[in-house]
Amino acid sequence: MTLDKAAFAHKHHTHIEPLEVKITVRGLNFWYSDFNALTGITVDIKKKAVTAFIGPSGCGKSTFLRCMNRMNDLIPGTRVEGKMHLDGADIYGPGVDPVDLRRRVGMIFQQPNPFPQSIYDNVAYGPRLQGIKKKSDLDQIVEESLRRANVWKEVKDILGRGGLTLSGGQQQRLCIARVLAVQPEVLLMDEPCSAIDPTSVQKIEDLMAELKDTVTIVIVTHNMQQAARVSDFTAFFLQEVAGDPAVLVEYGRTSEIFTSPTDKRTEDYITGRFG
Amino acid sequence: MREQFYKDLADLHAEVVDIVAAVSATTRQSVTSLITGDIDMAIAVIDGDDIIDARCLGVEERVLETIATQFPVARDLRLLTSLTFIAMHLERMADLSVNIAKATRRTAGRQGPQTLYDLIQAQGNLVYRVLDATREALEKRDLELARKLPELDEPIDHLYKQFFRELARLHEEEEIEWASSMVLASRYLERIADNAVDIGERIAYLITGERERSTESGLVPPSAG
C-alpha cells in the first residue's frame with residue numbers, strides 16, 4: 001500500500017491493514033466502593049483514529065473513559081483491576097504521575113469549564129506550567145491551539161476578554177484549545193456536544209476529523225448519529241441487569257457496527273428498539 | 001420505541017412484496033398472451049406497466065424520505081436500501097414482460113411449430129416458480145429460500161439454449177421470423193428470472209448483513225470458496 005492509498009483508505013474508512021494500538025485494555029474491572037461498575041473490558045483503542053463509546057445511561061462508558069487518564073482516582077473508594085496500557089506502559093503502574101498522564105491524555109467534559117481568566121491565559125495556562133515563558137512562543141502556541149480547536153477566527157481580536165464571556169459552544173472549543181496547547185497524545189471527550197449549539201457541534205466534529213491525523217480521540221456520546229458521523233471505531237457498552245456490572249458488548253469498525261452489527265443487543269440498541 | 005417508524009418499514013416491506021406479486025401476474029399474462037395470441041391481454045400488460053413503474057418510484061421516494069428523517073441503521077437501513085434495489089429490479093422485470101407482450105402483437109395471427117409453444121410454456125412455468133419463491137422469500141424473510149433461487153433459475157437458462165437448437169431446425173422464412181420473436185421472448189423470460197436471482201441476493205443481505213454471491217448451486221457467503 002502506498003502512502004497515498006493508505007491515507008485515502010484511512011479517510012474513507014476502507015483500510016484493511018490493522019492500525020497501531022494506542023491504549024490496550026485487558027480484563028478491566030472497576031469498582032465504586034463495593035459496586036462493581038465494569039467487568040471484563042478488553043479492547044484495543046487504535047492510534048490516530050476516533051473511537052466512540054455508546055450505550056444507555058449508566059452503562060459505564062464515562063467511567064471507562066475516565067479510567068484512561070485516572071480521573072476516577074479523584075473519587076474516594078474507587079478501584080481498578082486488570083490491564084490498561086498506554087503505548088505499552090501501564091497507566092496504573094508504580095511511578096506513573098497522574099498529572100503527567102493527564103497532560104498526555106487530555107479530557108473535555110460535557111459542561112465547558114474555562115478558567116475565569118482571559119481567553120489567552122486559558123490557552124497559555126498549560127504551556128506556562130511547563131515553563132514556557134517567552135511571549136512569542138506563547139503567542140504561537142495560543143494561536144495554533146485556537147486554530148486547531150476551530151475557534152481562532154471568532155476570538156482572534158478579543159484574546160484579552162474573559163473566557164467565560166464566550167458562548168457555550170465557543171467556551172467548549174476554548175477548552176479544547178487549552179488541552180491541545182500541551183500537545184496531548186490522546187483526547188478523551190465526555191459528551192462534549194451535549195450542552196452546546198449546533199454550529200459549534202459542527203465545528204467540533206470538523207476539528208475531530210482534522211485532529212485525528214495527530215491525536216487519538218475517544219468520545220462518549222449519547223447521539224448515535226454523531227458516533228456514526230465522527231468515529232472510525234465504535235464500542236457498545238451495556239449494563240444488562242440493574243446492579244450488575246456493565247460489559248463491552250461489541251467493538252468494531254463504525255461502518256460495520258452501523259450496518260451489520262454482529263450482536264443482537266447492539267442491533268436492538270442502535271435501531272432504537274430499547275434503551 | 002419508534003412505533004411510526006416501524007409501521008413505515010412494515011408498510012414499505014409489504015408494498016414491495018405486493019409489487020413482486022404484481023410483476024409475477026404481469027409475467028404470467030404476457031406469456032399467456034403470447035401463446036394464445038390474445039392481443040387484448042398483451043395491451044393490458046403494456047398499459048399496466050405504468051402502474052408498476054409508479055409504485056416502484058413511490059417505494060424509492062418513501063425510502064429516501066425515511067432515510068432523511070429517521071436515520072435508520074443496521075437491519076432497518078439494510079431493509080430500506082435493499083427494498084430500493086429490489087424495486088429497481090422489479091421495474092426492469094415488468095419492462096421485460098412488456099417486451100414479451102409486444103412480441104404477442106408481432107406474432108398474433110401466425111402459427112409456428114407446437115414444440116416452440118411447449119417450450120415457452122415450460123419456461124414460463126419455471127419462471128413463475130422462481131417469482132413465487134422470490135415473493136415468499138421476501139415476505140417471510142426466508143434465507144434458505146432466497147439462497148435456493150439460483151438453483152431454481154438454472155433450468156430456465158437451459159431451456160433458453162434449447163430454443164436455439166429448435167430454431168436451427170426451421171427452414172421456412174416466415175416460420176423463422178415468427179420463431180425469432182419467440183426466441184426473444186424466451187430471452188426476456190430468462191432475464192426476468194435473472195433479476196429475481198439478484199433480488200434473492202438482496203434478500204439474503206437484508207437478513208444477514210453479509211454479501212452473498214450466486215453460484216449454480218445457490219447463494220454462498222463471501223467467505224466460502
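No lab work stands behind these numbers, since they all come straight from the coordinates. All of these numbers come straight from a predicted model, not from anything done at the bench. Counting neighbours? That spans all protein chains shown, and the Cβs are built from the backbone with ideal geometry, glycine included.
Descriptive notes on the structure:
- Between the exposed loop cleavage positions of chain B, defined as GluC sites (Glu not before Pro) in a non-H, G, I, E, B DSSP state with at most 15 neighbouring beta-carbon atoms within 10 angstrom, the longest gap is B:1-171.
- Length-normalised contact order for the range B:98-217 - Cα pairs under 8 Å, 6+ apart - percent: 37
- Pairs with C-alpha atoms separated by more than 32 Å, drawn from the list A:LYS135/A:LYS212; A:LYS48/A:LYS153; A:LYS46/A:LYS133; A:LYS61/A:LYS134; A:LYS47/B:LYS7, are A:LYS46/A:LYS133; A:LYS61/A:LYS134; A:LYS47/B:LYS7.
- Sparsely packed GluC sites (Glu not before Pro) within the range A:207-275, loop by DSSP, other Cβ within 10 Å at most 11: A:GLU240
- Dmax and Rg, reported as Rg then Dmax, of chain B (C-alpha, Å): 19.0, 69
- Furthest towards positive pole of dipole, A:LEU248, A:ALA89, B:HIS171, structure part the protein assembly as shown, Cβ charges: A:ALA89
- Cα coordinate range in the range A:47-185, projected on the principal axes (Å, largest first): 48, 35, 31
- C-alpha long axis of helix B:74-107 to longest principal axis of chain B, angle in °: 20
- Sorted by Cβ density within 10 Å, fewest first, the residues A:THR266, B:THR27: A:THR266, B:THR27
- Over chain A, DSSP H runs of length four or greater, each weighted -39,500 (n - 2.57), average out per residue to a 222 nm ellipticity of -10000 deg cm²/dmol.
- P(r) weight above 44 Å for the protein assembly as shown, C-alpha pairs, percent: 37
- For chain B, the relative contact order works out to 25 percent when only alpha carbon pairs closer than 8 Å and six or more residues apart are counted.
- 14 Å beta-carbon shell around A:TRP31, net charge (K/R +1, D/E -1): -2
- Surface/4 estimate of mean projected area, convex hull on alpha-carbon atoms of the range A:144-275, nm²: 9.5
- Expected-Rg normalisation [2.2 N^0.38 Å, Cα atoms] applied to the range B:1-73: 1.48
- Folded to 0 to 90 degrees: helix A:119-129 orientation relative to chain A principal axis, Cα: 80
- Chain A: projected area of the alpha-carbon convex hull, averaged over directions, in nm²: 15.6
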